[in-house]
1. Could you grab me the full set of residues in the stretch 69-84 that are open to solvent by less than 30 Å² (accessible area, probe 1.4 Å) and among the hydroxyl-bearing types (Ser, Thr, Tyr)?
2. May I ask you to list the residues in the stretch 1-17 that are hydrophobic (A, V, I, L, M, F, W, C), outside any strand (DSSP E or B) and closer than 25 Å to residue 113 by Cα?
3. When the residues of the stretch 1-24 are filtered to those that are closer than 21 Å to residue 74 by Cβ and out of contact with any Gly (no Cβ under 9 Å at 6 or more places or on another chain), which remaining residue is surrounded by the fewest Cβ atoms within 10 Å (Cβ to Cβ)?
4. For the structure I just gave you, tell me whether residue 27 is at pLDDT 95 or above and either surrounded by fewer than 15 Cβ atoms within 10 Å (Cβ to Cβ) or of a type outside the set (A, V, I, L, M) (or both).
5. Is it the case that residue 66 is open to solvent by less than 60 Å² (accessible area, probe 1.4 Å), of a type outside the set (Gly, Ala, Ser), modelled with pLDDT of 95 or more and out of contact with any Cys (no Cβ under 7 Å at 6 or more places or on another chain)?
6. So which residues in the stretch 87-116 are without any contact (Cβ under 8 Å) to a residue 24 or more places away in the chain, open to solvent by 30 Å² or more (accessible area, probe 1.4 Å) and of a type outside the set (D, E, K, R)?
7. Mind checking which strands (runs of 3 or more DSSP E) fall wholly inside the stretch 22-79 and carry at least 2 residues that are touching a residue at least 12 places away in the same chain (Cβ under 8 Å), more than 18 Å from residue 2 (Cα to Cα) and over 12 Å from the mean Cα position of the chain (by Cα)?
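The values are calculated or read from the model by the stated rules, or taken from the named source; none is laboratory data. Every value quoted in this text rests on a predicted model; they were computed, and no experiment measured them. Positions of Cβ are generated from backbone atoms using ideal geometry, with glycine treated the same way; all protein chains shown enter the neighbour counts. Heavy atoms of the whole protein, side chains included, go into the accessibility calculation; ligands, DNA and RNA do not. Shrake-Rupley method; radii C 1.70, N 1.55, O 1.52, S 1.80 Å.
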Amino acid sequence: MVDRVVATDAALELIEKLKGIHGPLMFHQSGGCCDGSAPMCYELGEFRVGESDLLLGEIGDSPFYIAKDQYEYWKHTQLIIDVVPGRGGMFSLEGPEGKRFLTKSRLFTEEENAVL
């Protein structure tokens, strides 16, 4: 099994903290103008996903979506969600925590691409 999106231990720790405050969560990999390409964290159902969004996987038992056009750019990579100090996107739940989610990526190996 090859995961298209994974989270670091630090990201999983922050996800658990946010779930304790806000309840179930969801993520959407932004490709928009306002927040660059930041992974955005919302209360589950707060962000309306549509036909132009794909469910990429789950991190911390929370669904992680990406826009189809953004996916086309990143489909050859595994997204690695991490946490760094700073302010996140203005609509993302982690902002008040003084941390922000950050997307890193790595190319899939030939073997992983064959499985996918």
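1. Listed by number, the list holds a single entry, 77.
2. Of everything in the stretch 1-17, those that are hydrophobic (A, V, I, L, M, F, W, C), outside any strand (DSSP E or B) and closer than 25 Å to residue 113 by Cα turn out to be 1, 2.
3. 1
4. yes
5. When the stated conditions are applied, residue 66 passes them.
6. Selection gives 96, 98, 109, 114.
7. Once the strands (runs of 3 or more DSSP E) in the stretch 22-79 are filtered for at least 2 residues that are touching a residue at least 12 places away in the same chain (Cβ under 8 Å), more than 18 Å from residue 2 (Cα to Cα) and over 12 Å from the mean Cα position of the chain (by Cα), nothing remains.
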